[in-house]
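Participant: Before anything else, here's the structure in question.
The values are calculated or read from the model by the stated rules, or taken from the named source; none is laboratory data. Please read these numbers as outputs of a predicted model, since none were measured by experiment. FYI the Cβ positions are ideal-geometry reconstructions off the backbone, even for glycines, and counts take in every protein chain you see. Just so you know, the surface numbers come from the protein's heavy atoms only, side chains and all, with ligands and any DNA or RNA stripped out. Shrake-Rupley method; radii C 1.70, N 1.55, O 1.52, S 1.80 Å.
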Amino acid sequence: MRRLWALRLALPAVIGCATLIATTPARADNEANAKDLFARGRELRANNDCGSAVPLFRKAYSIYPNGLGSLRNVAECEEQLGHFASARRAWLDVKRALITLPPDAKYDGWDKDAEEAAARLKPKVATFIVDVYVKSPEGEALANEKSGVEVFVNGESVGTALVGTPLERDPGSYRIRSQVRDAEPVEQEVTLGAGDNPHITMRLVRTPPPAPTTVASDPGKGRRTLGWVLTGVGGAALIAGGATFLLRNSAKSDLDDKCPTHDGCDPSLRDTVDRGKTMSTLTTILVPVGVVAAGVGITLVLTSRSSSSTATASSLTVSPWAGGASATLRF
């Protein structure tokens, strides 16, 4: 039991040590890589090539944020390049980082340097605010971070959270674009000088997409389809009935020629008699079926062409020709 309790007490320490061992090499590699990048950046800066040095300093700081020397070099190089807004942001980042990092003697006095540099650069920077009004069928309102409005400055998105907040930029010309769903984008060009602080107002008009059009259903379509089918069936039955009627008459004509009395006929005429009887039976079936089917089909087609005719059709009663339905042909 004592061994079990000892193991339970030691387990967290073992896990902590394992985690520390696993993460320490990664941190060491990041720090070493950051130092290499920093050294290369310092060489370029010594040769007055701050343009090439800045990306190296930024990369070094991104992989090892505890190395504030990289960030300070970014600030100093950007100022040397005349990018006063970027330099001021970097100095302010240095000041914020010093608040969160543990005290370190090598950074003594840096907070004061950062504060003085930010104050020195402020008059050289232009600050502008983009106010975007969104008009919709419900009314017009000033956009905020929840409005979904996105602002671009010279093609670079500043997102949705910075709408209506001060944006610092170096003096120069800028194309500002605002956009939101269901609205045409709006663009405006502005020229900023050192120390300028303009409010730029833009308006977006939202037009909700039209509601999807629904094709009106045709309640008579099924009736028409059935009507055409019945009409076709009826027509085919009438054609077949006509053919069987002609065959019946042909058989009767043969019998009349060879045995006019139809009594005591030669047995060889039995096939002619049977053929005539079969054709007569088929004719008495096909003709009435054709008349009824064609009549019902035509009625359905005519009474289902419109909603009004559909209503009228509901009161109609199909009455096939009695004489046709009861027609009887005798052989």
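Participant: Just subtract the alpha-carbon distance of GLU43 and HIS199 from 0.36 nm times their residue separation and send over the number in nm, one decimal.
Facilitator: Result for the pair: 51.9 nm of gain on full extension.
Participant: Tell me, what HN-Hα J-couplings in whole Hz come from the Karplus equation 6.51 cos²θ - 1.76 cosθ + 1.60 at θ = phi - 60° for each residue of segment 49-62, using x for Gly and Pro?
Facilitator: Going residue by residue, I get 10, 5, x, 7, 7, 4, x, 5, 5, 5, 5, 4, 5, 5 Hz, with x marking Gly and Pro.
Participant: Now for a separate question. Run through segment 110-147 and list the chymotrypsin sites (Phe, Trp or Tyr not before Pro) located in a DSSP loop whose Cβ has at most 15 other Cβ atoms within 10 Å.
Facilitator: none
Participant: Going from most exposed to least, what order do THR225, THR261 have by accessible area with a 1.4 Å probe?
Facilitator: Output order, biggest surface exposure first: THR261, THR225.
Participant: Another question, if that's okay. List, in order, the whole-Hz ³J(HN,Hα) value for each residue of segment 120-127 obtained from phi through the Karplus relation with A = 6.51, B = -1.76, C = 1.60 and θ = phi - 60°; use x for Gly and Pro.
Facilitator: 5, 7, 4, x, 8, 10, 9, 10
Participant: Moving to a separate point now. Quick one: which residues, 5+ away or cross-chain, put their amide H under 5 Å from the amide H of ARG203? H built at 1.01 Å from N.
Facilitator: TYR133
Participant: What fraction of the DSSP beta bridges in segment 116-215 is antiparallel, stated in percent and rounded to the nearest 5?
Facilitator: So the antiparallel bridges in segment 116-215 amount to around 75 percent.
Participant: Can you tell me the accessible area per residue over segment 120-176, all protein chains present, probe 1.4 angstrom, in square angstrom? It would help to have the intermediate numbers written out before the result.
Facilitator: Values: 2970 Å² over 57 residues.
Roughly 52 Å² per residue, with all protein chains present.
Participant: Sticking with this structure for a sec: Quantify, in whole percent, the carbon and sulfur part of the accessible surface of segment 75-124 (1.4 Å probe; protein heavy atoms only).
Facilitator: Details: 1580 of 2940 Å².
The C+S portion of the solvent-accessible surface of segment 75-124 is 54 percent.
Participant: Given H placed 1.01 Å from N in the peptide plane, which residues other than close sequence neighbours of GLY67 have an amide H under 5 Å from its amide H?
Facilitator: Under 5 Å from the amide H of GLY67: no residue qualifies.
Participant: Please calculate the 1.4 Å probe accessible area of LYS122, with all protein chains present, and give it to the nearest 10 Å².
Facilitator: Only protein atoms counted, so the area is about 120 Å².
Participant: Put ILE200, ILE239, ILE298 in order of accessible area, largest first, 1.4 Å probe: what do you get?
Facilitator: Largest to smallest exposure gives the sequence ILE239, ILE298, ILE200.
Participant: Okay, next question. If I ignore ligands, DNA and RNA and count only protein heavy atoms, how much of GLU156 is accessible to a 1.4 Å probe, in Å² to the nearest 10?
Facilitator: Looks like 110 Å² after rounding.
Participant: Same structure, new question: What distance in nm separates the two pseudo spin-label positions at CYS259 and LEU98, each 7 Å out from Cα along the beta-carbon direction?
Facilitator: My value for the distance between the label points is 13.3 nm.
Participant: Where the accessible area of segment 142-274 is counted over protein heavy atoms with a 1.4 Å probe, how much of it, in %, is carbon and sulfur? Intermediate values should be presented prior to the final figure.
Facilitator: Numbers: 4680 of 8450 Å².
Carbon and sulfur together cover 55 percent of it.
Participant: List, in order, the whole-Hz ³J(HN,Hα) value for each residue of segment 91-97 obtained from phi through the Karplus relation with A = 6.51, B = -1.76, C = 1.60 and θ = phi - 60°; use x for Gly and Pro.
Facilitator: Karplus values, whole Hz, x for Gly and Pro: 5, 5, 5, 4, 5, 5, 5.
Participant: Charges on Cβ only, +1 for Lys and Arg, -1 for Asp and Glu, centred on the Cα centroid of segment 120-241; of VAL186, ILE239, LEU121, which one is farthest towards the dipole's positive end?
Facilitator: Going by the charge dipole, the pick is ILE239.
Participant: Compute the accessible area per residue over segment 32-110, keeping the other protein chains in place, probe 1.4 Å, unit Å².
Facilitator: Solvent-accessible surface per residue comes out at 54 Å².
Participant: At a probe size of 1.4 Å, how large is the accessible area of GLU187, to the nearest 10 Å²?
Facilitator: Per-residue accessible area (GLU187): approximately 90 Å².
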